[in-house]
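Engineer: So that we are looking at the same thing, I have put the structure below in structure tokens.
The values are calculated or read from the model by the stated rules, or taken from the named source; none is laboratory data. Note that the structure is predicted; figures quoted are calculated from it, not measured. Every residue, glycine among them, receives a Cβ derived from its backbone with ideal geometry; neighbour counts consider all protein chains shown. SASA here: full protein model, heavy atoms, side chains in, ligands and nucleic acids out. Shrake-Rupley method; radii C 1.70, N 1.55, O 1.52, S 1.80 Å.
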Amino acid sequence: ASTLLESHSELCRTYSNATVTSKELLEQWKERVIYGVDATKIEEKITAESEEQKFDIVLFNHPHLGDKALLESEKRHAERHYVLLSHYFYSAKSILKNGGRIHICLCGLQPQTWKIWNAARNAGLQIVAEESTACPVHKWLFKEKPSYELADVQPHYPSKRKYRNGKLGSKHFLARYGYRHRRTDGDLFTGSEFEINVERSVNFILEEFPC
């Protein structure tokens, strides 16, 4: 797991459930959280020089620059996010195994206005799947049928009902495992819930064009 936030303490200050979640990732699942990751320069934080160090899947849910100044111009807003997608695709490719997959989740008109198809093609990628966030991940995320089963949902996993019932725009299969769509400022966010609406969310899966 990775985050743009610079440290564990900053993550825990921002999101009230981060302390318990990060501890479980480390102790139970033997995973680590990498801090200060720029999605357009992933390779600067994650070493993947050999094929063994590279990843089968790289995921990015609901990318957004968070620059309020861009809201003054829809054209400029779309252009900057097209650049964000482009750089993410190139960076993700650098740590991807041969035959690996890149994921990105967009909502509303973002796929059209941010020109995801152009950004993908220019990065040497093709979109091989588009699925609703309500669809179980094991049915679309993996190239081949996985040899393992989904973990059991524990009592402390599910998010609050509003994150699970589609009130914020889209139902998300992983909400039963604790997934929430949140603003970057986390628990400090005081705006309307409509500002975090993710209506018509779609998971896009990309692969490199065959040689």
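Engineer: Being touching a Gly at 6+ places or on another chain (Cβ under 9 Å) and at positive phi, is that true of even one residue in segment 39-62?
Structural biologist: Checking segment 39-62: not a single residue is touching a Gly at 6+ places or on another chain (Cβ under 9 Å) and at positive phi.
Engineer: Among the numbered criteria (1) under 26 Å from residue 85 (Cβ atoms); (2) open to solvent by less than 60 Å² (accessible area, probe 1.4 Å), which one does residue 157 miss?
Structural biologist: Checking residue 157 against (1) under 26 Å from residue 85 (Cβ atoms); (2) open to solvent by less than 60 Å² (accessible area, probe 1.4 Å), the one that fails is (1).
Engineer: Tell me, which residue of segment 150-179 that is among the hydroxyl-bearing types (Ser, Thr, Tyr) and part of a helix (DSSP H, G or I) is modelled with the highest pLDDT?
Structural biologist: For segment 150-179, the residue satisfying everything is 177.
Engineer: Next question. Would you be able to say whether some residue in segment 79-90 is more than 28 Å from residue 188 (Cβ to Cβ), within 18 Å of the chain's Cα centre (by Cα) and among the small types (Gly, Ala, Ser)?
Structural biologist: Looking for residues that are more than 28 Å from residue 188 (Cβ to Cβ), within 18 Å of the chain's Cα centre (by Cα) and among the small types (Gly, Ala, Ser), one finds at least one in segment 79-90, hence yes.
Engineer: Another one. Quickly run through segment 27-36 and pick out the residues that are within 20 Å of the chain's Cα centre (by Cα) and open to solvent by 80 Å² or more (accessible area, probe 1.4 Å).
Structural biologist: Within segment 27-36, 29, 31, 32 meet the criteria.
Engineer: I need the full set of residues from segment 131-149 which are in a loop (DSSP other than H, G, I, E, B) and either among the β-branched types (Val, Ile, Thr) or at pLDDT 80 or above (or both), in order please.
Structural biologist: Once the filter is applied, which keeps residues that are in a loop (DSSP other than H, G, I, E, B) and either among the β-branched types (Val, Ile, Thr) or at pLDDT 80 or above (or both), segment 131-149 yields 133, 134, 135, 136, 140, 141, 142, 143, 144, 149.
Engineer: Out of the residues in segment 87-96 that are part of a helix (DSSP H, G or I) and open to solvent by less than 20 Å² (accessible area, probe 1.4 Å), which is nearest to residue 51 (Cα to Cα)?
Structural biologist: Restricting to residues being part of a helix (DSSP H, G or I) and open to solvent by less than 20 Å² (accessible area, probe 1.4 Å), the top hit is 92.
Engineer: On to the next question. Output yes when any residue across segment 59-76 is of a type in the set (Phe, Trp, Tyr), in a loop (DSSP other than H, G, I, E, B) and closer than 19 Å to residue 101 by Cα, and no when none is.
Structural biologist: Looking through segment 59-76, at least one residue is of a type in the set (Phe, Trp, Tyr), in a loop (DSSP other than H, G, I, E, B) and closer than 19 Å to residue 101 by Cα.
Listed here are the residues, each with its yes/no results for (1) within 30 Å of residue 41 (Cβ to Cβ); (2) open to solvent by 20 Å² or more (accessible area, probe 1.4 Å); (3) touching a helix residue (DSSP H, G or I) at 6+ places or on another chain (Cβ under 9 Å).
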site	(1), (2), (3)
102	yes, no, yes
105	yes, no, no
143	yes, yes, no
166	no, yes, no
177	yes, yes, no
189	yes, yes, yes
